[in-house]
Every structure is written in C-alpha cells, then in structure tokens.
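Novice: Structure in structure tokens, see below.
Bear in mind these aren't lab numbers, they're just calculated from the coordinates by the rules spelled out. Worth saying up front: this structure is predicted, and the values here are computed from it rather than measured. Cβ placement follows ideal geometry from the backbone for every residue including glycine, while neighbour counts extend to all protein chains displayed.
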Amino acid sequence: MDKREIAILGYEHDGSREVYHLESLGEDFEINVPPENIYMAICAHHEANKLIGEGLEASILTVGGSAISNKRIVDRLNEMTGTDVPVEVDISSNSIASNIKSLVKYEVPFLIICQKFAKLRTYIHSNYHLNKEEFEIKDWETYIEESELDSFEEGLIKELSTLRHVPLQRKMAEGVLTLLAYLDPEDGFTTKIASLRQKLRKGKPKDNFFNKTGLG
C-alpha cells in the first residue's frame with residue numbers, strides 16, 4: 001500500500017503561550033499554541049482522512065518545539081470526529097530549517113503544511129534537504145480555500161478566526177529569515193538563532209528579545 005506522511009511544522013510567537021479554550025474542541029481541552037497551529041492540524045487531519053478514504057496509508061508527523069501540543073490537537077480532532085488518524089511527534093528540531101532536516105530520516109513522501117508567509121523559506125530548505133519527489137508544500141490558508149471541509153471543520157475555523165493571529169513584526173522578520181535561507185539553504189543560520197532563543201526563553205520566558213520582536 002502506498003504511504004503518505006503529512007508534516008506539520010511547529011510555530012510560536014509572542015503571547016502564544018497564553019492558555020485558551022475553544023468551544024468546538026470542548027471546554028475540557030486547554031491549549032496554548034497560536035491559532036495557526038490548529039489551522040495546520042485541521043488541514044493535516046483533513047488530508048490524512050481523505051487519503052485514507054482513497055485507500056492510502058496516511059499519517060501525520062508533527063515536528064518542532066510545539067510538536068507535542070500539535071499532537072494533542074490532532075488527537076482531539078480524532079476524538080471529536082470519531083476518526084483515527086495516526087500521529088507521531090518529533091521534537092528533535094527547533095527551527096524551520098531543522099524541522100525540514102528532521103524529515104530526512106523518514107522514507108515516505110511528505111505533504112508539508114506550513115504558513116503562507118513562510119512558504120518560500122520552507123521551500124528553500126525542503127529543496128536543499130529533500131529530493132523533489134519526496135515533498136509537496138501547501139500553506140494552510142490556500143488549503144482551506146481549496147478544500148471541501150465538513151461542518152465541524154468549518155465551525156472550528158470560524159471560531160479560530162476570532163482569535164489573535166501572527167503579529168505584523170513576525171511577518172516582517174520573515175523577509176530577513178528568507179534571505180538567510182537563500183544564503184545558507186542548509187540551515188539559514190536558524191539553528192544558532194533558535195538555540196539562542198531557547199536559552200533566552202529559559203532565563204526570561206516572557207520578557208526577552210525574541211518575544212519583543214515577534215520571533216518568539
């Protein structure tokens with residue numbers, strides 16, 4: 001049987017660690033990742049279910065610093081929809097470059113779900129680390145526009161639209177990060193940046209340089 005893996009890249013920003021609830025996911029479910037992570041989980045879960053319905057073996061791999069939280073989201077989506085999409089976690093990476101590099105050890109083609117503003121940087125690193133036949137990239141914004149979602153998914157997306165989203169300064173910083181990816185497609189210098197970010201987070205979880213600039 002053909003197998004397809006759907007990868008969700010981790011994402012965080014300033015204020016993203018505030019706990020909140022979503023009625024669609026149940027009042028007993030607390031989450032503290034940006035709404036964008038839930039959008040990506042919805043897309044990955046929808047695509048996996050579609051592929052399984054077509055007779056393929058599909059599963060989700062969530063990578064990066066928010067991977068464990070993203071798995072919780074997919075598990076709750078399974079619970080709320082009565083489905084059983086397999087989901088794995090890989091926390092061995094902490095930047096888009098290392099997120100992509102961590103996929104190399106898996107031997108199946110990937111559909112990589114990312115954010116539209118980070119799609120070019122995702123492609124640069126994917127093109128470097130993965131063979132062209134091993135990956136396809138879709139941003140969650142376009143995926144949602146092009147897909148026929150069910151009423152549960154549409155209701156959850158409507159609820160998410162009322163929450164805080166990517167800060168403007170984070171989108172502006174993406175231009176610099178994309179330039180670094182061009183200069184260093186293997187790493188984009190982001191491993192060094194991410195390591196520094198993690199160090200500062202441990203010292204000052206809320207009041208640090210990366211949070212203030214929207215790169216947290």
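Novice: Given the pairs Lys132/Lys171; Lys3/Lys105; Lys105/Lys171; Lys105/Lys138; Lys101/Lys132; Lys119/Lys171, which span a C-alpha to C-alpha distance of over 23 angstrom in this model?
Specialist: Values: Lys132/Lys171 27 Å; Lys3/Lys105 15 Å; Lys105/Lys171 30 Å; Lys105/Lys138 21 Å; Lys101/Lys132 14 Å; Lys119/Lys171 12 Å.
As for pairs spanning more than 23 Å Cα to Cα, those are Lys132/Lys171; Lys105/Lys171.
Novice: Here's something else I'd like to know. Taking all pairs of distinct Cα atoms, average 1/r, flip it, and tell me the Kirkwood hydrodynamic radius of the stretch 3-167 in Å to one decimal place.
Specialist: Numbers: mean 1/r = 0.0633 Å⁻¹.
Kirkwood hydrodynamic radius for the stretch 3-167: 15.8 Å.
Novice: OK, next. Based on the mean of other Cβ atoms within 10 Å per residue, sort peptides 26-38, 134-146 so the most packed one is first.
Specialist: Details: 26-38: 18.0, 134-146: 16.2.
Descending mean neighbour count gives 26-38, 134-146.
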